[in-house]
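The values are calculated or read from the model by the stated rules, or taken from the named source; none is laboratory data. If you're wondering where the values come from, they're calculated on a predicted model, not measured in any experiment. Positions of Cβ are backbone-derived with ideal geometry, glycine not excepted, and every protein chain shown enters the neighbour counts.
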Amino acid sequence: MRTAKFFLAGATAIPVLMSTAYAQQTLTGTIITLNRLRGTITIQQTQGTTASTGGATDEYNVQDRPQLENWHAGDKVTFTVSEGGGAKTITKLEKPKP
């Protein structure tokens, strides 16, 4: 009985751990719009290794609003997105490494 409870607890924990791992991802793209007052940014994601007009465009909340002062529409960025509670939030925003 104890062994069964142990396996059941482990089987329940795996999906929770996996959802946490997938909840944060690093992406690249081009800034389309910024709203410094609302703390949001719209980014068109890059597909593969080259910029494409067919990439997904999403609006994100920005965790550190003051960093938006350093960015402008058209800038290429690498960003880390954390998704939780139905909202996508950028936790890290930087220039892509060459």
- Task: Count, please, the residues in the range 58-98 that happen to be farther than 17 Å from Arg36 by Cα and surrounded by fewer than 14 Cβ atoms within 10 Å (Cβ to Cβ).
- Result: 9
- Query: Among all residue pairs at least 6 apart or on different chains, which show Cβ distances below 7 Å where the first residue, located in the range 29-48, is more than 12 Å from Lys76 (Cα to Cα) and the second is outside any loop (DSSP other than H, G, I, E, B) and basic (Lys, Arg)?
  - Reply: Gly39/Arg65
- Please find, among Gln24, Gln44, the residue that is in contact with an Asp or Glu (Cβ under 9 Å, 6 or more places away or on another chain), modelled with pLDDT of 85 or more and surrounded by 11 or more Cβ atoms within 10 Å (Cβ to Cβ). Gln44
